[in-house]
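Comments concern the structure below.
The values are calculated or read from the model by the stated rules, or taken from the named source; none is laboratory data. A quick note: this is a predicted structure, and the numbers were derived from the prediction, not measured. For neighbour counting, all protein chains shown are included, and Cβ atoms are generated from backbone atoms with ideal geometry for every residue, glycine included.
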Amino acid sequence: MVHEFADTDGVGSHEAFQRWRQENPNGYVINCRSESDGMLHRVPCGHYGDTDTGPEAWGSLTRHRKACSVSLQDLLEWAERKAMKPVQKCSSCKPD
């Protein structure tokens, strides 16, 4: 199952994304930099700060859509259905 979080979906997306991260520390996140370009991260990646980082620190983490799943396969299939370019992997957290 893939969960999506984006500011365009309504108020509270940042908080919902952070809550999902807290509840799924072994999960994966695709940061959708555009509709066709995404970067794959592990949930604890330092690019997103701690799971209690509020929007006042860096701004909303969901200003770009985040697609999240505990299943790497489900997430990559989601990206393929969205016709994304091959998803790049973060060089910091090295998701596999």
**OP:** Assess whether residue 43 counts as being modelled with pLDDT of 95 or more and of a type in the set (Val, Ile, Thr).
**Re:** yes
**OP:** Assess whether residue 9 counts as being under 18 Å from residue 93 (Cβ atoms), exposed (fewer than 13 other Cβ atoms within 10 Å of the Cβ) and among the charged types (D, E, K, R).
**Re:** no
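Look through 79, 57, 83, 67 and report the one residue that is within 14 Å of residue 15 (Cα to Cα) and aliphatic (A, V, I, L, M).
Details: 79 fails: within 14 Å of residue 15 (Cα to Cα); 83 fails: within 14 Å of residue 15 (Cα to Cα); 67 fails: within 14 Å of residue 15 (Cα to Cα).
Answer to the selection: 57.
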**OP:** List every residue pair whose Cβ atoms lie under 7 Å apart, where the two residues are 6 or more positions apart in sequence or sit on different chains, the first residue falls within segment 12-35 and is touching a residue at least 40 places away in the same chain (Cβ under 8 Å), and the second residue, located anywhere, is part of a helix (DSSP H, G or I) and surrounded by 13 or more Cβ atoms within 10 Å (Cβ to Cβ).
**Re:** 13/7; 14/55; 28/72; 28/75; 30/75; 30/79
Original post:
Scanning for something farther than 22 Å from residue 85 by Cα and in contact with a Lys or Arg (Cβ under 8 Å, 6 or more places away or on another chain), does segment 54-66 turn up at least one residue?
Top reply: no
**OP:** Output yes when any residue across segment 77-84 is surrounded by 12 or more Cβ atoms within 10 Å (Cβ to Cβ), touching an Asp or Glu at 6+ places or on another chain (Cβ under 9 Å) and free of Cβ contacts under 8 Å to residues at least 60 places away in the same chain, and no when none is.
**Re:** yes
**OP:** Check whether at least one residue in segment 44-67 is free of Cβ contacts under 8 Å to residues at least 60 places away in the same chain, under 17 Å from residue 96 (Cβ atoms) and surrounded by 20 or more Cβ atoms within 10 Å (Cβ to Cβ), and report yes or no.
**Re:** no
